[in-house]
Structures are given as structure tokens and as C-alpha cells.
Amino acid sequence: MAYGVTIGQAATFAGVTVKTVRHYHKIGLLEEPPRDRSGYRRYKSDELLRLVQIRTLAAAGVPLAEVGAVLDADVEQFGAAIADVQRRLTEQITELIARRETLHQLAEGDRALLPDRALDLLHRMSDLGFEADYVTTQREALVLSLALVPEGFDSFLTLLERRLDDPGYVNLAKRCWEAENWQPDDPCIEELATDVAEHFLANPTLLGDPTGLRTWSDAVPQYRMINYHRQDRMPISARLTALIEAELRSAGVAVPHQ
């Protein structure tokens with residue numbers, strides 16, 4: 001030991017790899033010892049001590065960029081630096097726990113994306129006989145609504161609950177979904193749009209409360225993004241939506257318009 005050990009031996013003693021030791025040299029954390037007459041670098045006890053200290057701090061979570069300053073600090077500065085690292089590690093642990101919970105929710109399905117109240121609505125749609133693809137489309141629209149207009153999400157859920165309580169609306173919604181299989185020039189499309197608009201006008205609570213309508217009126221781009229979701233894949237549904245909105249506007253309903 002009086003003549004030191006090779007880099008491989010030093011790495012083994014310290015519990016790291018040779019590559020790691022060389023990296024510490026490269027970033028200035030550990031000085032390279034001089035070469036002996038045979039051309040080998042020999043690590044003495046001082047280098048080994050420094051190497052063990054670096055490994056210990058790095059393993060404890062101290063960023064390598066800060067290890068040098070911590071090792072070279074006096075007792076008071078060392079304690080403050082370690083306390084700061086502890087604080088940051090605690091924050092990281094909290095964040096990791098939150099991520100783990102999110103992953104757990106994702107494993108269960110939609111619970112990471114939507115609250116229970118919204119999920120209950122989706123289950124209710126299935127129970128009412130809506131097709132699976134319809135429910136999927138509504139799920140996507142709910143996710144977009146929560147992300148794009150969070151301040152209007154609760155009122156939007158209330159509106160959906162109210163609509164699902166209305167057998168007439170449920171029947172019309174199913175017909176609108178079935179219309180995607182109709183021919184683009186089928187006159188029944190315009191007739192269906194009129195039926196839906198007239199049902200809304202006869203039951204104004206299905207259009208939403210004034211506060212909710214104002215929220216959406218103040219978020220026109222978001223409203224169109226949500227209301228015309230999948231329009232490239234569902235052109236007839238997009239046309240039906242546009243026709244219904246036009247009839248409602250002509251009747252004086254403040255439908256968001258760009």
C-alpha cells in the first residue's frame with residue numbers, strides 16, 4: 001500500500017467502476033495521481049479516501065456538480081449543504097410518490113384522467129345503451145374539456161347529467177350517432193338537426209345555465225376544439241353539429257361562434 005494501487009484496484013476498493021473513476025477525473029472531482037516508473041498511476045490512501053467520499057455523497061443523492069464544493073466546505077457549510085440536499089431529496093420523493101400514484105391510476109383505466117363523477121356519466125351512457133364507440137368519443141371530449149376549460153367542467157358535467165335524464169335527448173343522441181352511417185346527401189340529416197334544435201328550444205335547461213354558457217362563450221377556440229372533436233373521421237356528425245348550432249343561433253341562443 002506504500003506504493004499505492006492501480007486504478008482497477010482503487011475502483012474495486014471504493015465500490016465503483018474504472019469508468020466512473022475516470023469520469024471523476026474528467027470533471028475535476030478527483031485529481032489523477034502521478035505515474036510511477038512503470039507508467040502506471042498509483043492511488044494512495046488520500047485518493048482512495050476522496051474516491052470513497054465522492055461515491056458516498058453521489059449515492060446519497062448529492063449532484064456530482066455539487067460534490068466538490070461539499071467536500072471542500074468547512075463543518076458549518078458542509079452541514080448546510082447536506083441539509084439542502086435532504087430537502088431536495090424529500091421533494092423528489094414526494095414527486096415520485098405522486099408519479100407512482102398516477103401510474104397506479106392509469107393501470108385502473110381512466111381514473112388518472114377524469115374524476116369519479118365524469119366516470120359515472122360514462123358508465124351511465126353504457127347502461128343507457130349507447131354504443132362503445134360513442135362512449136369512447138364522449139370520454140375523449142370530457143378529457144379535453146377538463147384540460148382546456150377546467151373552470152367550466154363542473155357545469156358541463158351537470159349539463160350532461162341533465163341531458164341523460166331526458167329520454168327525448170337520449171333518443172336523439174343515439175339517432176345522431178347512427179347518422180354517421182347515412183349517405184352524405186341524405187335529407188334526413190337536416191331533418192334530424194331540426195329535431196334536435198327544436199328539442200333543445202322546448203327544453204332550455206338542456207342548453208345549460210347562463211353561467212356555464214358564458215364560460216364557453218369566453219372560450220370559443222376551446223369550445224370548437226371539443227365540440228368538433230373527431231370531425232375529420234366523423235364528417236356527418238360534424239355537419240349535424242353545425243346545423244344544430246345554426247338553428248339555435250337563429251332562435252337567439254348564444255351558441256359560441258368563431
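The values are calculated or read from the model by the stated rules, or taken from the named source; none is laboratory data. Just so it is clear, the structure is predicted and the values come from calculations on it, not from any experiment. Ideal geometry is used to build each Cβ from the backbone, glycine not excepted, and the neighbour counts take in all protein chains shown. Ligands, DNA and RNA are stripped out before the accessible areas are found, and what is left, the full protein with its side chains, is counted by its heavy atoms. Shrake-Rupley method; radii C 1.70, N 1.55, O 1.52, S 1.80 Å.
Working note: Karplus 6.51/-1.76/1.60 with θ = phi - 60° gives region 153-166 the couplings 5, 4, 5, 5, 5, 4, 5, 5, 4, 5, 5, 5, 6, 9 Hz, where Gly and Pro are set to x.
Ranking Ala11, Pro235, Leu119 by how far each Cα lies toward the positive end of the dipole of the chain (charges on Cβ) leaves Ala11 at the top.
Put +1 on the Cβ of each Lys and Arg and -1 on the Cβ of each Asp and Glu in the chain; which of Thr194, Ser45, Leu64 then has its Cα farthest toward the positive end of the dipole? Comparing the listed Cα positions along the dipole, Ser45 ranks first. Rounded to two decimals, the Cα radius of gyration of the chain over 2.2 N^0.38 Å is 1.80.
Principal semi-axes of the equivalent ellipsoid, √(5λ) from the alpha carbon gyration tensor of region 189-252, are 19, 18, 8 Å from largest down.
Taking the Cα centre of region 188-258 as reference, the dipole from Cβ charges on Lys and Arg (+1) and Asp and Glu (-1) amounts to some 300 debye.
A straight Cα-to-Cα reach below 18 Å connects Lys44 with none of the lysines, residues fewer than 8 places away in its own chain not being considered.
For region 118-193, the Stokes-Einstein estimate of translational diffusion at 37 °C and a viscosity of 0.692 mPa s comes to 243 µm²/s, using the Kirkwood hydrodynamic radius over alpha-carbon pairs. For region 152-242, the pair-distance distribution built from all alpha carbon pairs, in bins 10 Å wide starting at 0, is 15, 43, 36, 5 percent.
The charge dipole of region 45-174, taken about the Cα centre with unit charges on the Cβ atoms of Lys, Arg (+1) and Asp, Glu (-1), comes to about 280 debye, rounded to the nearest 20.
Kindly report the accessible area of the chain per residue (heavy atoms of protein chains, probe 1.4 Å, no ligands, DNA or RNA), in Å².
Counting only protein heavy atoms, the per-residue value for the chain is 60 Å².
By the Stokes-Einstein formula, at 1.306 mPa s and 10 °C, region 10-109 with its Kirkwood radius over alpha-carbon pairs has D equal to 100 µm²/s.
Over the chain, dividing the summed -39,500 (n - 2.57) contributions of all DSSP H runs of at least 4 residues by the number of residues returns a 222 nm mean residue ellipticity of -21500 deg cm²/dmol.
Remark: the chain carries a charge dipole of roughly 1940 debye about the Cα centre, counting +1 on each Lys and Arg Cβ and -1 on each Asp and Glu Cβ. Amide H to amide H, with H built 1.01 Å from N, Leu30 comes under 5 Å of His25, counting only residues 5 or more places away or on other chains.
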